[in-house]
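Read the structure below first, then the notes.
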Amino acid sequence: MRELIQANLRTEVGKNKIKYIRTQGYVPGVIYGHNKETRSIKLDRKQMDRFLMYHAKGSTLDLEINGKTVMAVVKDFQRKGLKDLLVHIDFQELSANETVRIPVPIIVRNRDSIERIGAVLEDHLTEIEIEALPSDLIEHVYVDVDGMEFGDIIRVSDLVFENMEKVALLTDRDLTVLAVSAPQKEEPEASEEEEVKEPELIGKEKDEE
């Protein structure tokens, strides 16, 4: 079941007015869609922060905008400053019978199993791109690395996820997602106690005349 987020149409434009609504606890955003008019909106920052704690770009939700509910997907958002403050968010309105392209994050499980064998897990790809109807979209792809050994590689073609028969995978299937390698050996540092050898003299020194 999709989460419901409250939003309001926004008339405030311009740097100063946008800054003001942020001080009031709102985050500005826009929502657009195929054959849909782009609308400026504002949302409660705390509610959106809670949502983004458990969801990422590509997640679907219901937006209630001035009393009307629409289905949407998070296309992008921006954070700023040391406090990682949410400052803007973009949504795409969805239609039940139209496909949409979204990025899907790759979640790796059992990383510690690689450390236990003294290996290093290399992350080459952190997300894939898919296209599907809204009802068939997925939010994560899980990869379990338990049991992998030195030299093992996982490619996009090896990924398994929900609704595979209904989802079009747009990312190159030959791309490497994860690889297990040996840790790099560090060159030993020269000891401070090592004596510096003096260069050998060639021939005898001549006395000054």
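Tabulated data
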| read-out | value |
| --- | --- |
| Condition broken by K83, with the remaining ones in (1) within 19 Å of M48 (Cα to Cα); (2) of a type in the set (D, E, K, R); (3) in contact with a strand residue (DSSP E or B) (Cβ under 9 Å, 6 or more places away or on another chain) satisfied | (3) |
| Residue satisfying all of: in region 80-97; hydrophobic (A, V, I, L, M, F, W, C) and touching a Phe, Trp or Tyr at 6+ places or on another chain (Cβ under 7 Å); nearest to Q24 (Cα to Cα) among these | L86 |
| Those residues of region 1-38 which are under 30 Å from T99 (Cα atoms) and aromatic (F, W, Y), in sequence order | Y32 |
| Hits in region 117-132 (condition: farther than 23 Å from N97 by Cα and part of a strand (DSSP E or B)) | V120, L121, E122, D123, E127 |
| Complete set of residues in region 63-92 that are within 18 Å of G33 (Cα to Cα) and without any contact (Cβ under 8 Å) to a residue 12 or more places away in the chain | K68 |
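Every number in this text was worked out from the coordinates using simple rules, so none of it is lab data. Because the structure is predicted, anything quoted here is derived from the model rather than measured. Backbone-built Cβ (ideal geometry, glycine too); neighbour counts: all protein chains shown.
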